[in-house]
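The values are calculated or read from the model by the stated rules, or taken from the named source; none is laboratory data. Small disclaimer: the values here were computed from a predicted structure and weren't measured. Note that we place each Cβ from the backbone using ideal geometry, even for glycine, and neighbour counts take in every protein chain shown. Note: accessible area is taken over every heavy atom of the protein model, side chains too, but ligands, DNA and RNA are not part of it. Shrake-Rupley method; radii C 1.70, N 1.55, O 1.52, S 1.80 Å.
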Amino acid sequence: YQGIRRELDTAGVEVFTYYINFDETFTDQEIDAVFEGCKVLGARGCVGSMGQAVAKRLAPFPGRHGMFVGLHNHDNLSDPDAFSSEQSMVTGLSMSPDFRMMLDVRHFTAADGDAVAFLERHHDRVAGLHVGDRRKHNGRSAPFGEDDAPIIELLRMIRDNRWPIVALLEFEHGTLRPEVEEVDLMFDYCKRAVA
(Lines give C-alpha, C1' and ligand atoms only; values in the text may rest on other atoms or scores of the structure.)
Protein backbone atom coordinates (compact mmCIF):
# COMPACT_ATOMS: atom_id res chain seq x y z
CA TYR A 1 0.00 0.00 0.00
CA GLN A 2 2.83 2.39 0.78
CA GLY A 3 4.37 1.82 -2.66
CA ILE A 4 1.02 2.43 -4.32
CA ARG A 5 0.59 5.61 -2.27
CA ARG A 6 3.98 6.88 -3.44
CA GLU A 7 3.00 6.22 -7.06
CA LEU A 8 -0.31 8.02 -6.59
CA ASP A 9 1.37 10.99 -4.91
CA THR A 10 3.93 11.19 -7.72
CA ALA A 11 1.11 11.19 -10.28
CA GLY A 12 -0.85 13.83 -8.34
CA VAL A 13 -3.77 11.47 -7.70
CA GLU A 14 -5.78 11.95 -4.51
CA VAL A 15 -7.77 8.96 -3.25
CA PHE A 16 -11.23 9.84 -1.94
CA THR A 17 -12.53 6.35 -1.21
CA TYR A 18 -11.40 2.77 -1.51
CA TYR A 19 -13.97 0.53 -3.18
CA ILE A 20 -14.22 -2.96 -1.72
CA ASN A 21 -17.13 -5.36 -1.67
CA PHE A 22 -17.27 -6.46 1.94
CA ASP A 23 -19.22 -9.66 2.44
CA GLU A 24 -20.03 -12.11 5.23
CA THR A 25 -16.72 -13.97 4.77
CA PHE A 26 -14.59 -11.06 6.06
CA THR A 27 -13.20 -11.58 9.55
CA ASP A 28 -12.98 -8.65 11.97
CA GLN A 29 -9.22 -8.61 11.45
CA GLU A 30 -9.67 -8.42 7.67
CA ILE A 31 -12.13 -5.54 8.01
CA ASP A 32 -9.69 -3.65 10.25
CA ALA A 33 -6.90 -4.36 7.74
CA VAL A 34 -8.99 -2.86 4.92
CA PHE A 35 -9.43 0.36 6.89
CA GLU A 36 -5.70 0.44 7.71
CA GLY A 37 -4.93 0.06 3.99
CA CYS A 38 -7.35 2.87 3.22
CA LYS A 39 -5.52 5.17 5.60
CA VAL A 40 -2.19 4.40 3.95
CA LEU A 41 -3.71 5.25 0.55
CA GLY A 42 -5.04 8.54 1.95
CA ALA A 43 -8.69 7.59 1.49
CA ARG A 44 -11.35 9.11 3.69
CA GLY A 45 -13.51 5.99 3.65
CA CYS A 46 -14.44 2.65 2.15
CA VAL A 47 -17.27 2.16 -0.30
CA GLY A 48 -18.80 -1.10 -1.35
CA SER A 49 -21.78 -2.86 -2.82
CA MET A 50 -23.04 -4.71 0.21
CA GLY A 51 -26.42 -5.55 1.60
CA GLN A 52 -28.01 -4.43 4.83
CA ALA A 53 -26.90 -7.49 6.82
CA VAL A 54 -23.22 -6.90 6.02
CA ALA A 55 -23.60 -3.16 6.59
CA LYS A 56 -25.03 -3.80 10.04
CA ARG A 57 -21.96 -5.88 10.89
CA LEU A 58 -19.64 -3.10 9.63
CA ALA A 59 -21.30 -0.41 11.76
CA PRO A 60 -18.68 -0.27 14.55
CA PHE A 61 -15.61 -0.32 12.30
CA PRO A 62 -15.34 3.08 10.52
CA GLY A 63 -15.51 5.12 13.73
CA ARG A 64 -12.60 3.18 15.21
CA HIS A 65 -10.50 4.22 12.23
CA GLY A 66 -11.74 7.81 11.90
CA MET A 67 -13.28 7.03 8.52
CA PHE A 68 -16.67 6.44 6.93
CA VAL A 69 -18.34 3.60 5.06
CA GLY A 70 -20.10 4.64 1.88
CA LEU A 71 -23.21 2.63 1.16
CA HIS A 72 -23.63 2.08 -2.58
CA ASN A 73 -27.14 1.56 -3.90
CA HIS A 74 -28.29 -0.61 -6.80
CA ASP A 75 -31.53 -0.98 -8.73
CA ASN A 76 -32.61 -4.41 -7.43
CA LEU A 77 -35.93 -3.59 -5.75
CA SER A 78 -36.83 -7.27 -5.34
CA ASP A 79 -33.95 -8.02 -2.94
CA PRO A 80 -35.01 -7.07 0.62
CA ASP A 81 -31.34 -6.92 1.70
CA ALA A 82 -30.30 -4.48 -1.05
CA PHE A 83 -29.89 -0.73 -0.80
CA SER A 84 -32.15 0.33 -3.66
CA SER A 85 -35.13 2.34 -2.42
CA GLU A 86 -34.93 5.55 -0.42
CA GLN A 87 -36.30 3.73 2.62
CA SER A 88 -33.66 1.01 2.44
CA MET A 89 -30.94 3.66 2.20
CA VAL A 90 -32.34 5.59 5.18
CA THR A 91 -32.39 2.31 7.12
CA GLY A 92 -28.74 1.77 6.22
CA LEU A 93 -27.74 5.27 7.26
CA SER A 94 -29.47 4.78 10.62
CA MET A 95 -27.15 1.86 11.42
CA SER A 96 -24.14 4.10 12.13
CA PRO A 97 -23.32 7.81 12.32
CA ASP A 98 -20.21 6.87 10.31
CA PHE A 99 -22.23 5.61 7.33
CA ARG A 100 -22.69 7.88 4.30
CA MET A 101 -24.47 7.33 1.01
CA MET A 102 -22.53 7.05 -2.19
CA LEU A 103 -25.66 7.67 -4.22
CA ASP A 104 -25.43 5.91 -7.55
CA VAL A 105 -27.58 8.16 -9.71
CA ARG A 106 -27.81 5.64 -12.57
CA HIS A 107 -29.08 2.83 -10.37
CA PHE A 108 -31.43 5.07 -8.38
CA THR A 109 -32.95 6.41 -11.60
CA ALA A 110 -33.37 2.87 -12.98
CA ALA A 111 -35.12 1.94 -9.71
CA ASP A 112 -37.52 4.87 -10.32
CA GLY A 113 -36.08 6.85 -7.42
CA ASP A 114 -36.07 10.65 -7.32
CA ALA A 115 -32.39 11.51 -6.89
CA VAL A 116 -33.04 15.26 -6.62
CA ALA A 117 -35.53 14.78 -3.78
CA PHE A 118 -33.21 12.28 -2.07
CA LEU A 119 -30.32 14.72 -2.19
CA GLU A 120 -32.50 17.56 -0.87
CA ARG A 121 -33.60 15.44 2.09
CA HIS A 122 -30.35 13.63 2.90
CA HIS A 123 -27.46 15.77 1.58
CA ASP A 124 -25.89 15.90 5.04
CA ARG A 125 -25.41 12.10 4.90
CA VAL A 126 -24.23 11.90 1.26
CA ALA A 127 -20.46 11.68 0.71
CA GLY A 128 -20.60 11.39 -3.04
CA LEU A 129 -22.52 10.64 -6.20
CA HIS A 130 -21.70 8.00 -8.75
CA VAL A 131 -22.76 9.97 -11.81
CA GLY A 132 -24.12 8.23 -14.86
CA ASP A 133 -27.21 8.28 -17.04
CA ARG A 134 -29.84 5.58 -17.34
CA ARG A 135 -33.46 5.11 -18.31
CA LYS A 136 -36.15 4.71 -15.63
CA HIS A 137 -38.00 1.41 -15.09
CA ASN A 138 -34.75 -0.58 -14.99
CA GLY A 139 -33.76 0.74 -18.42
CA ARG A 140 -30.42 0.71 -20.12
CA SER A 141 -27.41 2.92 -19.41
CA ALA A 142 -26.71 5.73 -21.87
CA PRO A 143 -24.26 8.54 -22.59
CA PHE A 144 -24.67 11.57 -20.33
CA GLY A 145 -27.73 13.64 -21.18
CA GLU A 146 -29.47 10.98 -23.27
CA ASP A 147 -31.71 9.39 -20.63
CA ASP A 148 -33.57 10.10 -17.38
CA ALA A 149 -30.92 10.69 -14.69
CA PRO A 150 -31.05 14.32 -13.47
CA ILE A 151 -27.29 14.86 -13.72
CA ILE A 152 -27.38 18.61 -14.35
CA GLU A 153 -29.87 19.33 -11.56
CA LEU A 154 -27.86 17.31 -9.04
CA LEU A 155 -24.54 18.94 -9.91
CA ARG A 156 -26.10 22.40 -9.73
CA MET A 157 -27.67 21.62 -6.34
CA ILE A 158 -24.28 20.63 -4.97
CA ARG A 159 -22.65 23.74 -6.45
CA ASP A 160 -25.36 26.19 -5.39
CA ASN A 161 -25.56 24.86 -1.83
CA ARG A 162 -21.80 24.39 -1.51
CA TRP A 163 -22.34 20.88 -0.18
CA PRO A 164 -19.11 18.89 0.33
CA ILE A 165 -20.26 16.08 -1.97
CA VAL A 166 -17.87 14.51 -4.47
CA ALA A 167 -19.16 13.63 -7.95
CA LEU A 168 -17.50 10.54 -9.42
CA LEU A 169 -18.09 9.85 -13.12
CA GLU A 170 -19.03 6.30 -14.04
CA PHE A 171 -18.49 5.05 -17.55
CA GLU A 172 -20.77 2.02 -17.86
CA HIS A 173 -22.56 2.64 -21.14
CA GLY A 174 -21.70 1.42 -24.59
CA THR A 175 -20.05 3.70 -27.13
CA LEU A 176 -18.36 3.51 -30.49
CA ARG A 177 -15.85 6.18 -29.43
CA PRO A 178 -12.54 5.37 -27.75
CA GLU A 179 -12.94 5.21 -23.96
CA VAL A 180 -10.72 8.23 -23.27
CA GLU A 181 -12.74 10.34 -25.71
CA GLU A 182 -16.01 9.24 -24.08
CA VAL A 183 -14.76 10.08 -20.59
CA ASP A 184 -13.63 13.51 -21.87
CA LEU A 185 -17.17 14.06 -23.20
CA MET A 186 -18.66 13.04 -19.83
CA PHE A 187 -16.35 15.42 -18.00
CA ASP A 188 -17.15 18.27 -20.41
CA TYR A 189 -20.89 17.62 -19.96
CA CYS A 190 -20.50 18.01 -16.19
CA LYS A 191 -18.28 21.11 -16.48
CA ARG A 192 -20.86 22.79 -18.74
CA ALA A 193 -23.60 21.92 -16.25
CA VAL A 194 -21.92 23.87 -13.46
CA ALA A 195 -20.30 26.65 -15.51
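Structural remarks
- Full-extension gain in nm, Ala53 to Asn138, via 0.36 nm per residue minus C-alpha separation: 28.2 nm
- Modelled label positions at Val40 and Glu24, each set 7 Å beyond Cα in the direction of Cβ, lie 3.0 nm from each other.
- Based on protein heavy atoms only, the chain ends up with 51 Å² per residue of surface accessible to a 1.4 Å probe.
- Solvent-accessible area, 1.4 Å probe, carbon plus sulfur percent, for the chain: 51
- Rounded to the nearest 10 square angstrom, Ser141 shows an accessible area of 30 square angstrom against a 1.4 Å probe.
- Among Val34, Phe187, Thr10 - extreme Cα towards positive end, dipole of the chain, charges at beta-carbon: Thr10
- Region 62-126: C-alpha gyration tensor shape, a/c 1.5 cut-off, then a/b vs b/c: prolate
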